[in-house]
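Just so it is clear, none of the values below were taken in a lab; they were calculated from the coordinates. None of the values given here were measured: they were computed from a predicted structure. Virtual Cβ from ideal backbone geometry, glycine too; neighbours counted across all protein chains shown.
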Amino acid sequence: MPQTSSYLPANIQLVDQQMITLVFNPYWYQEDIAVLTELILVALGQVSPKNTVVGADREDVHFYWRDVCYILYFETNSQSCWLEAESGEDHALLTEMYQLLVQELS
């Protein structure tokens, strides 16, 4: 069932089978990243957190989905959010991930 939030619907794109970009409205701030992260991870279902790296205007959320490690990036200044596989060889499930995210967040 699609989620509801003031940040949705999101514009979600699969780029070159290697990255998923997400654009949320309205403008979000670094303190909103926890809510956005939860929206994304709930949409994917069964994820296992690995770690989070926090920078001045950036947060990287590492997690496992279907036994593969992914990184969810947020850059506050550029309002950028994207997902990539941690390893270049692990892009195979991105299409399935993209379809789930579109279904739940668009």
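In the chain, the DSSP-assigned H stretches of four residues or longer account for a calculated mean residue ellipticity at 222 nm of -7000 deg cm²/dmol, using -39500 (n - 2.57) per stretch and the full residue count as denominator.
For the stretch 51-76 and the stretch 79-106, what is the separation of their Cα centres, given in Å? If we compute the Cα centre of each part, the gap is 12 Å. Among [x] 17.5; [y] 13.7; [z] 19.8, find the value of Kirkwood radius over Cα pairs in Å that was calculated from the structure presented, and write down its label. Among [x] 17.5; [y] 13.7; [z] 19.8, the one calculated here is [y].
Computed from backbone phi, the HN-Hα couplings of the stretch 50-56 come to 10, 6, 10, 10, 10, x, 4 Hz, rounded to whole numbers (Karplus: 6.51 cos²θ - 1.76 cosθ + 1.60, θ = phi - 60°; Gly and Pro given as x). In a simple Cβ point-charge model (Lys, Arg +1; Asp, Glu -1; nothing else charged), the chain has a dipole of about 200 debye relative to its Cα centre. When the stretch 1-69 is described by a simple charge dipole with +1 on each Lys and Arg Cβ and -1 on each Asp and Glu Cβ, the residue from Leu14, Phe24, Val35 located farthest towards its positive end is Leu14.
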